[in-house]
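Structure first, then comments.
Readers should treat all values here as calculations from the given coordinates under stated rules, not as data from a laboratory. Remember, predicted model here, so these are calculated numbers, not experimental data. So basically every Cβ, Gly included, is an ideal-geometry build from the backbone, and we count neighbours across all protein chains shown.
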Amino acid sequence: MAKKIYVPGALVCSRNTKYEKGMGIILSVGQWPHSYDLDEKCYMVHWFEKPGHVDRWMWNNSLRVKGKFVCRQTINQIKILKPK
């Protein structure tokens, strides 16, 4: 079985929901700006559907202000569906 690689352009879904709703695409890979763990990566994900771990207020506010929802996610919050 091939190892799943989290690269920009890969299709991901939210890992924290029961029915795996919340699909998005990885935009970029970086590190948390104020992280104590220097090896922890964060992924900028552009969500098309609301993930389960993002509350409704944050989702609606971001859509109203920016017109899209992009947020930082850790490897524990997303699961890869289809590599690029």
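Quick notes on this one:
- Sorted peptide list for 65-76, 4-15, criterion being average Cβ within 10 angstrom, highest first: 4-15, 65-76
- Under a 5 Å amide H cut-off, with hydrogens placed 1.01 Å from N, Cys42 pairs with Gly30, Gln31, Trp32 among residues at least 5 apart or on other chains.
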